[in-house]
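The numbers here are math on the coordinates, done by the rules we state, and not lab data. Quick caveat: nothing in here was measured; it's all calculated off a predicted structure. All Cβ positions, even for glycine, are placed from backbone atoms using ideal geometry, and neighbour counts span all protein chains on display.
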Amino acid sequence: METLLTLKETAKLLKTTERGLRKRIWNDEVPARKLGRKIVFFQSELEKFIQNLPPRWPKQKENKT
């Protein structure tokens, strides 16, 4: 059976706040599901999402001096 994560667990995993995560869900930036009145996340979908994120900082070019 698929592992489900809560909003709080996912926010901690992604190192963001619950409010920030809700904004990303609203903007359809993070894969989430509704289960009744709760927001849940499939662990496998989150793993794919994290693997496909672009690098946070672009690589810096070497200085030729």
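Within the range 7-31, no residue that is within 18 Å of Q51 (Cβ to Cβ) sits with its Cβ atom under 6 Å from a residue that is part of a loop (DSSP other than H, G, I, E, B) and of a type outside the set (V, I, T) at 6+ positions apart or across chains.
I'm checking my understanding of the structure. Among residues of the range 29-61 that are within 26 Å of M1 (Cβ to Cβ) and among the acidic types (D, E), which one is surrounded by the most Cβ atoms within 10 Å (Cβ to Cβ)? Checked the range 29-61; the qualifying residue surrounded by the most Cβ atoms within 10 Å (Cβ to Cβ) is E45.
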